[in-house]
Amino acid sequence: MEKNCIIDLKSISKEYDGVKVLDNLNLYVRKNEFLTLLGPSGCGKTTTLRIIGGFEQPTEGKVIFEGKDITNVPPYKRQINTVFQKYALFPHMNVFENVAFGLNIKRLPKDEISRRVSEMLRLVNLQGFEKRSIQSLSGGQQQRVAIARALVNEPKVLLLDEPLGALDLKLRKEMQTELKNMQKRVGITFIYVTHDQEEALTMSDTVVVMDKGVIQQIGTPVDIYNEPKNAFVARFIGESNIVDGIMHEDFVVEFAGKVFKCVDKGFAKGEKIDVVIRPEDLEITTPEEGQFTGVVSSVTFKGVHYEMIVSNGKADWKIHSTIMKPVGTEIGMRVAPENIHVMKKVKER
Amino acid sequence: MKLKVLSYPYVVWIAVFIVVPLALVLLYSFTDGDLEDLNFTISNFRKFLDSKYLNVLWISVKLALESTVLTLILGYPVALIIAKEKPSKRNTMIFLFVMPMWMNFLLRTYAWLTLLGKNGVINFIIEFLGFKPLDLLYNDGAVLLGMIYNFLPFMVLPIYSVLVKIDNSLIESAEDLGANKFQIFTRIILPLSIPGIITGITMVFMPAVSTFVISRLLGGGQYMLIGNLIEQQFLWVGDWHFGSAISIIMMVFILITMAITSKFDTQKEGSGGLW
Ligand SMILES: Nc1ncnc2c1ncn2[C@@H]1O[C@H](COP(=O)(O)OP(=O)(O)OP(=O)(O)O)[C@@H](O)[C@H]1O
Ligand SMILES: [Mg+2]
């Protein structure tokens with residue numbers, strides 16, 4: 001485990017003018033993985049990335065790179081390259097010169113530079129663009145130049161700060177696949193920042209969910225989706241029903257006025273908790289067969305499924321189902337014990 | 001339609017204060033004789049080809065070039081230092097730097113007389129320290145100093161305004177790609193500030209080559225630049241025809257110089273310059 005680790009953030013905290021924006025961050029990044037920092041705007045993703053890149057110093061804590069403390073090493077001495085949020089391509093240079101910048105700084109021989117730049121431009125599908133000016137490129141093309149400019153230096157880690165943020169949906173999807181393929185091909189560790197949960201889930205090996213400068217959960221996309229650790233993660237990743245509940249004893253929980261079997265334990269008797277149920281995990285039945293009942297109050301067609309809001313007096317439940325029940329119908333609902341997620345209430349900070 | 005009407009005063013202004021005087025200067029330069037009896041001639045221009053006058057032109061251009069180069073060498077670092085400061089601080093710094101420009105040009109130059117003169121402040125200190133007083137006024141150095149002092153803000157401002165607009169992420173990405181401070185300067189900052197340098201050079205060279213006040217006050221009565229020559233022809237000698245011809249020659253000279261400098265301005269956009 002330790003040997004496989006390339007970057008290790010140890011108890012990183014960062015303050016700006018006395019305001020904590022990162023609070024005791026601990027994170028290790030494995031070699032060659034695609035790790036995504038995911039969280040709402042202002043949660044500290046960019047700050048974390050800038051600390052890894054060396055553009056900010058943490059107020060407390062250490063950055064370990066391959067076992068060595070690099071907290072005070074300036075960016076230009078780190079084997080890490082960054083693709084900036086706004087690309088930050090050099091406007092006075094053409095595509096070739098932009099990509100060759102890092103290699104020129106290293107004073108590599110001319111023919112090697114031109115070979116590696118061409119190779120890289122082929123990788124990002126921009127062969128023939130060498131002489132083009134940056135201003136003449138589309139957003140997607142600029143994006144690729146930025147990626148090529150970073151990758152050509154063969155960094156051990158590539159940092160990407162919302163690199164697809166400025167692209168339209170279709171191009172975004174294409175670039176997601178392309179980036180993922182590129183990462184597999186070159187075998188470089190990617191640390192990727194996004195606030196788009198779908199993007200995070202489709203591209204990553206590991207997702208780090210952050211909120212207000214604190215890591216909420218680290219896990220594989222499947223873990224994060226299926227086993228959200230708290231109500232924040234559940235709400236942020238995909239859609240969820242989150243209702244108040246009470247834990248009676250291990251494996252027994254009460255919500256919606258009924259008592260249910262569940263798979264969670266380790267809570268205090270009578271502890272107030274959050275219950276999270278995904279809309280697709282609620283099964284529609286007849287009122288008699290349901291564990292609890294409610295009345296359909298709205299129906300929306302969503303393409304592959306219907307989204308229904310069902311009220312049972314205590315709460316509104318969102319259900320995704322291929323079966324449609326018209327507004328006003330009383331229905332029953334069932335949910336399997338393993339799909340009931342019991343979570344500690346998060347204290348409001 | 002409305003806009004057109006609004007532009008009339010402006011058009012009148014241009015006509016009265018720019019086009020008419022210019023036309024008059026042009027007319028005078030190609031003629032001689034009295035106003036009632038003008039004759040076309042190019043003798044005014046031929047007269048200028050005398051080595052006496054050509055030498056004045058040469059000295060003026062040389063001095064203007066020297067002041068331009070020196071203000072650039074002094075002004076660039078100043079602009080760079082100010083641009084690197086936090087926004088609140090740099091506004092104050094630029095303000096302090098520009099403030100003297102609000103004072104009358106003549107007054108500012110007179111101030112140097114009291115500093116550099118025989119009984120001026122500097123010589124007072126030198127004598128106080130037990131040395132012999134120096135001749136600080138009425139030489140090339142004094143004129144050059146006056147030029148640099150007066151024109152430095154015109155070099156600093158355009159360079160500064162280009163420098164503050166350089167996106168910090170460009171500098172960070174250069175650093176990210178392995179460039180040290182020096183390489184960041186030579187490969188990113190300097191090339192991106194060329195439009196500001198061009199504007200600065202223009203703004204300093206033009207007034208410097210045509211000044212007559214600075215050379216008069218700090219260079220003494222017999223100090224002759226092309227500006228003084230023109231002034232002399234109009235006010236003292238009374239040969240408006242020759243004076244106009246010299247003005248035209250100087251204008252053509254400035255235009256050529258500007259055309260050459262703007263060639264170096266490869267990046268047209270965002271230059272914020274004069275052209
Ligand atoms: N230089 C700075 N000075 C003061 N506060 C800062 C600075 N940089 C960031 N912050 C604050 O730190 C917090 C985290 O910012 P950060 O840029 O890391 O968020 P983010 O997760 O990247 O958000 P986004 O998704 O909007 O890019 C924000 O509240 C921000 O205002
Ligand atoms: Mg950000």
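The values are calculated or read from the model by the stated rules, or taken from the named source; none is laboratory data. These numbers come from a predicted model, not from an experiment. For neighbour counting, all protein chains shown are included, and Cβ atoms are generated from backbone atoms with ideal geometry for every residue, glycine included. Just so you know, the surface numbers come from the protein's heavy atoms only, side chains and all, with ligands and any DNA or RNA stripped out. Shrake-Rupley method; radii C 1.70, N 1.55, O 1.52, S 1.80 Å.
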Worksheet, complete the sentence: Accessible-area loss of at least 30 Å² (1.4 Å probe, chain alone to full protein assembly) applies in segment A:90-114 to A:PHE90, A:PRO91, A:HIS92, A:PHE101, A:ILE105
Worksheet, complete the sentence: Rounded to the nearest 5, the percent of antiparallel DSSP beta bridges in the protein assembly as shown equals 75 percent
Item to complete: Determine which lysines satisfy two conditions relative to B:LYS47: a Cα distance under 26 Å, and not lying fewer than 8 residues away in the same chain.
Response: B:LYS62
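If contacts are Cα pairs under 8 angstrom and at least 6 residues apart, what is the relative contact order of chain A in percent? Write out the running numbers ahead of the final one.
On the way: 706 pairs, mean separation 52.6, N = 349.
This gives 15 percent for chain A.
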Practice prompt. Return an integer: the convex hull volume of the alpha-carbon atoms of chain A, in Å³ per residue.
Written response: 165 Å³
Practice prompt. Could you pull out every whole DSSP H run in chain B that spans at least 30 Å of Cα extent along its own axis and averages 0.5 or higher on the Kyte-Doolittle scale?
Written response: B:51-84, B:140-163, B:240-264
Item to complete: With a 10 Å radius around each residue's Cβ, average the other Cβ atoms per peptide and rank B:241-249, A:317-325, highest first.
Response: B:241-249, A:317-325
Worksheet item: What fraction of the Cα pairs in segment A:239-344, stated in percent, has a spacing above 22 angstrom?
Response: 29 percent
Response to the item:
Shielding of A:73-83 by other chains, given as the mean Cβ count within 10 Å, works out to 4
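Treating only the Cβ of Lys, Arg, Asp and Glu as charged (+1, +1, -1, -1), what charge dipole size does the protein assembly as shown show about its Cα centre? Round to the nearest 20 debye. Working shown, then result.
Details: 67 positive and 64 negative charges, 208 e Å.
With Lys and Arg at +1 and Asp and Glu at -1, about 1000 debye.
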Worksheet item: Total Å² of accessible surface buried at the A-B contact, 1.4 Å probe, nearest 100?
Response: 1900 Å²
Response to the item:
The helix A:110-123 Cα axis meets the longest alpha-carbon principal axis of chain A at an angle in degrees, between 0 and 90 and rounded to 10, of 20 degrees
Worksheet item: Treating the beta-carbon of each Lys and Arg as +1 and of each Asp and Glu as -1, no other charges, what is the dipole magnitude of chain A about its Cα centre, to the nearest 20 debye?
Response: 1440 debye
Worksheet, complete the sentence: For chain A, the longest principal axis of the Cα atoms and the Cα long axis of helix A:95-105 enclose an angle in degrees, to the nearest 10, of 70 degrees
Worksheet, complete the sentence: Rounded to one decimal in nm, the spacing of the 7 Å Cα→Cβ label points at A:LYS68 and B:ALA259 is 5.8 nm
Discussion item. Please list, by residue number, everything in segment B:63-105 whose backbone N is under 13 Å from a paramagnetic label point 7 Å out along Cα→Cβ of B:ILE125.
Written reply: none
Practice prompt. Could you work out how far helix A:139-151 tilts from the main Cα principal axis of chain A, as a 0 to 90 degree angle to the nearest 10?
Written response: 70 degrees
Practice prompt. May I ask which residue of A:THR194, A:GLN176, A:VAL124 lies farthest towards the positive end of the charge dipole of chain A, with charges of +1 (Lys, Arg) and -1 (Asp, Glu) on Cβ and the Cα centre as origin?
Written response: A:VAL124
Worksheet, complete the sentence: Any residue on another chain or 5+ positions along whose placed amide H is under 5 Å from the amide H of A:GLY61 is listed here as A:SER13
Worksheet item: Name the residues of segment B:134-179 whose accessible area, probed at 1.4 Å, falls by at least 30 Å² once all protein chains are in place instead of their chain on its own?
Response: B:SER169, B:LEU170, B:GLU172, B:SER173, B:GLU175, B:ASP176, B:LEU177, B:GLY178
Practice prompt. Over all directions, average the projected area of the Cα convex hull of segment A:142-199 and note it in nm².
Written response: 3.8 nm²
Worksheet item: Accessible area per residue of segment B:1-41 at 1.4 Å probe, in Å²?
Response: 88 Å²
Response to the item:
Phi-derived 3J(HN,Hα) across segment A:248-262 with the Karplus relation (6.51, -1.76, 1.60, θ = phi - 60°), rounded Hz, x for Gly and Pro, is 7, 7, 3, 6, 9, 10, 10, 7, 6, x, 10, 9, 10, 7, 8
Worksheet item: Considering only Cα-Cα distances, which of the following residue pairs are longer than 25 Å: A:LYS45/B:LYS181; B:LYS89/B:LYS181; A:LYS10/A:LYS184; B:LYS84/B:LYS181; A:LYS212/A:LYS345?
Response: A:LYS45/B:LYS181; A:LYS10/A:LYS184
Worksheet entry | Under 5 Å, built H, 5+ apart or other chain: amide partners of A:TYR192 | A:LEU35, A:THR36, A:LEU37, A:LEU160
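Work out which trypsin sites (Lys or Arg not before Pro) in chain B are exposed loop sites (DSSP not H, G, I, E or B, at most 14 other Cβ within 10 Å) and give the longest gap free of them.
Between the exposed loop sites, the longest stretch runs B:1-117.
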Fill in: Calculated FRET value between B:MET93 and B:VAL237, using beta carbons and R₀ = 35 Å, to 0.05
0.15
Discussion item. Looking only at chain A, where both bridge partners belong to it, what percent of the DSSP beta bridges are antiparallel (to the nearest 5)?
Written reply: 75 percent
